[in-house]
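Report on the structure given below.
What follows draws every value from the coordinates through simple rules; no lab data is involved. The model shown is predicted, which means the values in this text are computed figures rather than measured ones. Here Cβ is always computed from backbone atoms with ideal geometry, including for glycine, and neighbour counts include all displayed protein chains.
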Amino acid sequence: MNKVLETEGLTKHYGRIQALNELTLQIERGTVYGLLGPNGSGKTTTLSIILGVIRQNTGTYHWFDGLEPDRARRRIGALLGYPRFYPYLTGWQNLRVVCDIKNISYKKIKTVLSLVGLEGRKNSAYQTYSTGMKQRLGIAATLLNDPEVLVLDEPTNGLDPQGIAEVRDLIERLKSNERTIILASHLLDEVEKVCTHTAVLQKGDLLASGPVEDLTGKSTRYEEDAANREMLKTVLRSLEMIDRYEEMDESIYVYLKEGYQGTDLNKAIYD
């Protein structure tokens, strides 16, 4: 697989607050990559940097093997925060506005509305949509240019159970045609269900990263990569479930006591 995004030592601080500490990631084409962590862990800061919304203090990032930033952004669709549309316009009309701004053919509208499951409500005013429907319309807007990479910040935040299920189902449908999805979430359950790979962040530090299956009990050996190795080792030493861990090259291999699974380890690191 080809890398769509590489970050090296990304650091961001706001005054004395360290929002991100030397974050290094590699994201492969066709993966669903979850940034997992509580509020204040650096998820949104990371997305804002790689989308060019804010600038990092130090470190670098490259899209598509170093493609020039303006050209790279044309291949990316992103939804940061809650979607905002004209409340009195219909879903169809709001997407026409987006097409006009981005110089995209209206022919794309029917396709994306069908993809997000809103074709039956295309003529309803946006203000009549449920929160989940509004979120799906926001995702539809990001899909109008048929992006290779889709970036979503907390896509199920504030939704009721039905809305959460609808958005998760949509993400599952979008896992096709080698499209890469990068999403931030504070919900471990969400990342486990929809992501293929994950990076666990805490207070700006990368605690663990790798395939989701390695962190959820589908193997007996776990590989935890961390920019802040000493912090990770401190966490591991405090956990009763750890039988032992070994450091090899740039990785830490963790072995669990009988009766524990990767899900238990992931929850403990996350908490």
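Dipole size in debye (nearest 20) for the chain around its Cα centre, Lys and Arg Cβ +1, Asp and Glu Cβ -1?
1540
Taking Cα extents along the principal axes in Å straight from the coordinates, which label in (1) 64, 52, 35; (2) 124, 56, 46; (3) 59, 40, 37 is the correct one?
Matching entry in (1) 64, 52, 35; (2) 124, 56, 46; (3) 59, 40, 37: (3).
Sort the stretch 46-89 into rounded, prolate or oblate with this rule: let a ≥ b ≥ c be the square roots of the eigenvalues of the Cα gyration tensor; rounded if a/c is under 1.5, and if a/c is not under 1.5, prolate when a/b is larger than b/c, oblate otherwise.
Oblate shape, in that a/c is at least 1.5 and b/c is the bigger or equal ratio.
If contacts are Cα pairs under 8 angstrom and at least 6 residues apart, what is the relative contact order of the chain in percent?
Relative contact order of the chain: 22 percent.
Out of A78, G259, A19, whose Cα points farthest toward the positive end of the dipole of the chain (charges: +1 Lys, Arg; -1 Asp, Glu; placed on Cβ)?
Of A78, G259, A19, it is A78.
Tell me, in nm to one decimal, what length is gained between N123 and Y86 on full extension, where the rule is 0.36 nm per residue of separation less the Cα-Cα distance?
The span from N123 to Y86 would gain 12.0 nm if fully extended.
Treat every Asp and Glu Cβ in the stretch 1-124 as -1 and every Lys and Arg Cβ as +1, leave all other atoms uncharged, and give the resulting dipole magnitude about the Cα centre to the nearest 20 debye.
580
Along the stretch 234-240, what does the Karplus equation 6.51 cos²θ - 1.76 cosθ + 1.60 (θ = phi - 60°) give for ³J(HN,Hα), rounded to whole Hz, x for Gly and Pro?
4, 5, 4, 5, 8, 9, 5
Any idea what the dipole of the stretch 31-102 comes to, in debye rounded to 20, about its Cα centre with Lys/Arg Cβ at +1 and Asp/Glu Cβ at -1?
About 120 debye.
Take Y255 and N2, extend 7 Å from each Cα along the Cα→Cβ direction, and tell me the distance between the two endpoints in nm.
4.1
Tell me, which longest segment in the chain has none of the trypsin sites (Lys or Arg not before Pro) that fall in DSSP loops with at most 13 further Cβ atoms within 10 Å?
85-217
Based only on other Cβ atoms within 10 Å, what is the fewest-to-most ordering of Y126, Y255?
By the 10 Å Cβ count, ascending, the order reads Y255, Y126.
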